[in-house]
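Remarks on the structure that follows.
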Amino acid sequence: MAVILNIETSTDVCSVALSRDGEVLEHYENYEGNSHSTALAPMVRDALSYAATREIKLDAVAVSQGPGSYTGLRIGLSQAKGLAFGLDVPLIGVQTLELLVVSTMFNHFIEDEVLYAPMIDARRMEVYTGLYNNALESVMAPCAMVLDEGSFGNVLSECKVVFCGNGSDKAKNVIKSENAMWIGGVKPVAVDMVALAEKAWREKRFVDVAYSTPVYLKDFVATKPKKLL
């Protein structure tokens, strides 16, 4: 077991959680969106201050690696790298789609044998998604998908699929199946990272502090700002 600082910045929510032996000691969340660059540092400072005043030594830093917001992922990973390097502790990378599945499992009781299709909005009709079973094993590798009425059709014809995450809102408008289950309001937050980070710690699955990069799933395309009228 370990003391881990968890950082999540993959969507419009910015959050930090300090955990010890799988228990959340302190956590902070900001739902204002597009403020990660100013919101994250104070949260991290407060978490470290909490640990220092109680003489709690940090064993690792965990961060969501994506997919998700290009800017948010860069901000979170940069902060996590700096902390891991400065404190000389391992860096743990958590996959955001797996985190969404865990968040859904933790907060919603689903009795049936199902598959989970977490979705993160990637603008227009595109989402970042994948497919996981109840053991969090990947059934379909994470990918960027343009949604249409045939999306997940083969899977939905055979079993129930739970759709979650902010990308599932628009998927609900095009995917019509009795086997589709929709769980709204599921957001990736740091408190739900704890189980995944602890598992990675036990298995010593760390990422390189110097060379690790966000999982984007598709190339970043810069857009020109609109001219003011």
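The values are calculated or read from the model by the stated rules, or taken from the named source; none is laboratory data. Model, not experiment: these values are computed from the prediction. Positions of Cβ are generated from backbone atoms using ideal geometry, with glycine treated the same way; all protein chains shown enter the neighbour counts.
Taking the conditions (1) modelled with pLDDT of 95 or more; (2) buried (at least 17 other Cβ atoms within 10 Å of the Cβ); (3) in contact with a helix residue (DSSP H, G or I) (Cβ under 9 Å, 6 or more places away or on another chain) in turn, Trp182 satisfies each one other than (2).
Residues considered: Lys176, Lys187, Lys172, Lys199. Of these, the only one that is under 18 Å from Tyr132 (Cα atoms) and free of Cβ contacts under 8 Å to residues at least 40 places away in the same chain is Lys199. Out of Lys227, Lys218, Lys199, one residue alone is modelled with pLDDT under 95, basic (Lys, Arg) and under 17 Å from the mean Cα position of the chain (by Cα). It is Lys218. Is it fair to say Gln79 is under 26 Å from Asn133 (Cα atoms) and either modelled with pLDDT of 95 or more or not in a strand (DSSP E or B) (or both)? In short, no.
Which ones in the stretch 167-179 are out of contact with any helix residue (DSSP H, G or I) (no Cβ under 7 Å at 6 or more places or on another chain) and surrounded by fewer than 21 Cβ atoms within 10 Å (Cβ to Cβ)? Don't jump to the end; show me each part of the working.
Looking only at the stretch 167-179, we keep the residues that are out of contact with any helix residue (DSSP H, G or I) (no Cβ under 7 Å at 6 or more places or on another chain), and these are 167-176, 178.
Asp169, Lys170, Lys172, Asn173, Val174, Lys176, Glu178, listed by residue number.
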